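To start, the structure itself, in structure tokens.
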Amino acid sequence: MYDVAVIGGGPAGLSAAIQVRARGRSVLVVSGDLRDNPLYKTERIDNYLGFYDVTGGELLERFRSHARQMGVEEKEGRVLNIMPMNGTFYLSVGSEMEQARAVVLATGVVRSAKYPGEGEHLGAGVSYCATCDGMLYRGKEVAVVGLAADAPQEANWLKEIGCKVTYVSPNPADGLRSDIPAVKAGKLEVLGEQKVEGLRAGGTTIPCEGVFILRPSMAPAELLPGLELEGSYIKVDGNMATSIPGVFAAGDCTGLPLQVSKAVGEGQVAGHRAAEYLEYIS
Ligand SMILES: Cc1cc2nc3c(=O)[nH]c(=O)nc-3n(C[C@H](O)[C@H](O)[C@H](O)COP(=O)(O)OP(=O)(O)OC[C@H]3O[C@@H](n4cnc5c(N)ncnc54)[C@H](O)[C@@H]3O)c2cc1C
């Protein structure tokens, strides 16, 4: 069990994590593939104090290195769900579970909306986790919607366990096995009555029983049901506290301006207050 779990390894999450460590508490940062961070490919940043003319990748590496030197623990993976129970938060990370006494949400912004038919078929053929649900589709036709950087590897794994995979994405499928057909499409619709029967991708229909939609991030309200929002952003007070006791939020996920300095500043407050919260409840 960790004192604090931070969801998201961007500027806000890493800033929060070092504050937690500065107060002598344990912290785990769970984050998706580094390539999914918006900073990773940003060629030049001029407006972060002390780092004129730096690439986003360099800045992110400096943040990560700092966090590691302060004893921040890291886990690569997608948090699918957070469940509060008796003062503990249970985090589903792929098919694994992590526990913490407080949580900082630093998930950035979700850059793709839900597809038609997606919500209706969640749990009835639509899945967000290949590792969790892949075995259910051995020998069956599935479509992998690749929006996250690690999606081709997930599609390869589904193929290896015996699924009949079609890969669908608007992005290049770097690392995808050559025996997996790839369809380039961005306009999608999940088809079927009670359960998934196909995926409409651009002008073609792919018959399938399962659709794995692999995004780099999840909408906050889906991660933690009951979380109060303001528009599409997480509602926070001046202490970066959300509507759920023990849950704090920082960075792009709390609203404009979407900038590194704001993310780092809010992360500092969220990490500090999360550590203070632990002192208050123990
Ligand atoms: C092209 C571009 C150029 C930019 N240029 C600048 C600039 O010059 N100056 C500036 O100040 N800002 C710039 N920005 C904005 C800046 O990148 C963001 O404001 C900043 O990265 C926000 O930090 P964050 O930590 O809140 O979120 P992010 O950096 O988005 O980090 C969130 C992390 O959380 C992970 N994550 C999300 N959901 C989950 C989940 N469920 N499970 C596990 N991990 C999850 C994501 O994969 C991501 O790594 C730019 C952005 C873009 C897209």
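The values are calculated or read from the model by the stated rules, or taken from the named source; none is laboratory data. If you're wondering where the values come from, they're calculated on a predicted model, not measured in any experiment. Here the Cβ positions follow ideal geometry from the backbone for every residue, glycine too, while neighbour counts run over all protein chains shown.
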Discussion item. Suppose we filter segment 192-207 for residues that are touching a helix residue (DSSP H, G or I) at 6+ places or on another chain (Cβ under 9 Å) and either free of Cβ contacts under 8 Å to residues at least 12 places away in the same chain or crowded, with 17+ Cβ neighbours inside 10 Å (or both); how many remain?
Written reply: 2
Worksheet item: Is segment 104-114 home to any residue that is buried (at least 18 other Cβ atoms within 10 Å of the Cβ) and more than 11 Å from the ligand (Cβ to nearest atom)?
Response: no
Worksheet item: Can K75 be described as within 10 Å of the ligand (Cβ to nearest atom), closer than 30 Å to S127 by Cα and in a loop (DSSP other than H, G, I, E, B)?
Response: no
Fill in: Residue identified as touching a residue at least 40 places away in the same chain (Cβ under 8 Å), more than 15 Å from R64 (Cα to Cα) and either part of a loop (DSSP other than H, G, I, E, B) or not acidic (D, E) (or both) among R21, R25, R35
R25
Worksheet item: Has segment 201-221 got at least one residue that is within 16 Å of the ligand (Cβ to nearest atom) and closer than 17 Å to A17 by Cβ?
Response: no
Worksheet item: What are the residues in segment 127-145 that are assigned to a strand (DSSP E or B) and at pLDDT below 95, if any?
Response: S127
Discussion item. Can you list the strands (runs of 3 or more DSSP E) lying wholly within segment 202-280 that have 3 or more residues being under 27 Å from G87 (Cα atoms)?
Written reply: 247-249
